[in-house]
Amino acid sequence: VSTDSGVYAVDPVTMETRLFATLPEGVRPHGLVWNPQRQRINVVANNKDALLGFDTNGRLRDFDFVLRGKKSNSAAFHHLNDVAYDNDALYLSMFSLTGSWKSGAYDGGVYALDAETLNPIGPVIQGAKMPHSISVEDDQLWFCNSLPGMLTQGDYDFEIALPTFCRGLAFDEDLIFVGASRNRNAQDAPVESGSQVREVASGVYVTSKDNRMARFIPMRGSVPEIHCVYFLTRD
C-alpha cells in the first residue's frame, strides 16, 4: 500500500509492480489482508478508524467505520494500523483500544471483529504500547509490541526483547524476521528506551525461535523506517 498512489500488486516472479486500486483521499492506509468471508481485500484506513473493502478487480466496495470511527471524525482516535485474518475474525492492532491516544493514553492492543459483519467481538490483547504487525503462525497469534521493542506471542505468553522500535514480522520455519525502525515520535524516546540500548539504524533482526540468537541485517541507503516484512516466496 502506498499512501500517495494506492494499492499495488507485486508479481512474485518478475518483481514488477502494477497499480491495483486507487484510494480515497486522506485515508492514510496501513495494513491489508484478504478477507474470505466478504471476498474483499481489507485495507486499514488509519485516519478514519475504518476498513476499506476492495473486490478482486480493485474496485472499492466498502468503507466501514469501526469502533469510534465515523464520517464526521477529523482525527484517528484509535490509530488502527495492521490487520490479520484467522478463524472467521479480523484482528486489528491499534494505539488505543478506547480511542484515547490523542489524549495521551496509549492503552493499545489487538481487537477482534467478526470478519463477515465487522461487528465487534472484543479486545484480544490489552496493555500494549503502539502495537503493530499482527501475524498468525502455527495457530498462534503474534504481534510486535513496538514501543518497548517486544515480539509477543498470544496474551504475553512468550516474548523476545529487541533493542529497537520493532515493526514488521515474518516467519520461515524456526526463524523469525522482525523489522527495526527509528521511532518517528521523538517525544516517546524516554518511555521507549528506559535502560535498554536502542538500535538507531533500520534493518531486520533474524532470530531463532528456539534459542533467541539473532543477526541484524541493516538496510543500506536512506530507509529510516520499516513497516512490514513479508515473504514473496519460500522456495
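The values are calculated or read from the model by the stated rules, or taken from the named source; none is laboratory data. Predicted model, so just to flag it, every value in this text is computed and none were measured. Cβ placement follows ideal geometry from the backbone for every residue including glycine, while neighbour counts extend to all protein chains displayed. Heavy atoms of the whole protein, side chains included, go into the accessibility calculation; ligands, DNA and RNA do not. Shrake-Rupley method; radii C 1.70, N 1.55, O 1.52, S 1.80 Å.
Among Thr207, Thr233, which is under 18 Å from Glu137 (Cα atoms) and at pLDDT below 90?
When all the criteria are applied, what remains is Thr233.
The rows are residues; the columns are (1) out of contact with any helix residue (DSSP H, G or I) (no Cβ under 7 Å at 6 or more places or on another chain); (2) in contact (Cβ under 8 Å) with a residue 24 or more places away in the chain; (3) closer than 20 Å to Tyr230 by Cα; (4) open to solvent by less than 50 Å² (accessible area, probe 1.4 Å).
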| residue | (1), (2), (3), (4) |
| --- | --- |
| Glu16 | yes, no, yes, no |
| His30 | no, yes, yes, yes |
| Asn35 | yes, yes, yes, yes |
| Gln39 | yes, no, no, no |
| Arg61 | yes, no, no, no |
| Ala76 | no, yes, no, yes |
| Leu80 | no, yes, yes, yes |
| Ala84 | yes, yes, yes, yes |
| Asp88 | yes, yes, no, no |
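Which of (1) surrounded by fewer than 19 Cβ atoms within 10 Å (Cβ to Cβ); (2) outside any strand (DSSP E or B) does Phe20 not meet, given it meets every other one?
Of the numbered conditions (1) surrounded by fewer than 19 Cβ atoms within 10 Å (Cβ to Cβ); (2) outside any strand (DSSP E or B), the odd one out for Phe20 is (2).
Please determine whether any residue of the stretch 2-12 is open to solvent by 10 Å² or more (accessible area, probe 1.4 Å) and more than 20 Å from Cys228 (Cβ to Cβ).
Within the stretch 2-12 (the criterion being open to solvent by 10 Å² or more (accessible area, probe 1.4 Å) and more than 20 Å from Cys228 (Cβ to Cβ)), the answer is no, since none of the residues qualifies.
So for the stretch 140-147 (the condition being out of contact with any Lys or Arg (no Cβ under 7 Å at 6 or more places or on another chain), open to solvent by less than 10 Å² (accessible area, probe 1.4 Å) and not small (Gly, Ala, Ser)), does at least one residue qualify?
yes
Do you know which of the residues in the stretch 210-230 that are farther than 27 Å from Val44 by Cα and part of a loop (DSSP other than H, G, I, E, B) is modelled with the lowest pLDDT?
Gly221
Looking only at the stretch 201-228, count every residue that is under 13 Å from Ser181 (Cβ atoms) and charged (D, E, K, R) and tell me the total.
1
Considering only the stretch 181-204, how many residues are in a loop (DSSP other than H, G, I, E, B), surrounded by 14 or more Cβ atoms within 10 Å (Cβ to Cβ) and either among the aliphatic types (A, V, I, L, M) or modelled with pLDDT of 85 or more (or both)?
Going through the stretch 181-204 one residue at a time, the tally reaches 2.
Quick test for you: out of Gly53, Gly99, pick the one residue that is touching a residue at least 40 places away in the same chain (Cβ under 8 Å), touching a Phe, Trp or Tyr at 6+ places or on another chain (Cβ under 8 Å) and open to solvent by less than 10 Å² (accessible area, probe 1.4 Å).
That would be Gly99, the only listed residue that is touching a residue at least 40 places away in the same chain (Cβ under 8 Å), touching a Phe, Trp or Tyr at 6+ places or on another chain (Cβ under 8 Å) and open to solvent by less than 10 Å² (accessible area, probe 1.4 Å).
Among the residues of the stretch 1-17, count how many are farther than 20 Å from His132 by Cβ and in a loop (DSSP other than H, G, I, E, B).
Qualifying residue count, the stretch 1-17: 8.
It is to be established whether one or more residues within the stretch 105-127 are in contact with a Cys (Cβ under 8 Å, 6 or more places away or on another chain) and either over 22 Å from Phe65 (Cβ atoms) or aromatic (Phe, Trp, Tyr) (or both).
no
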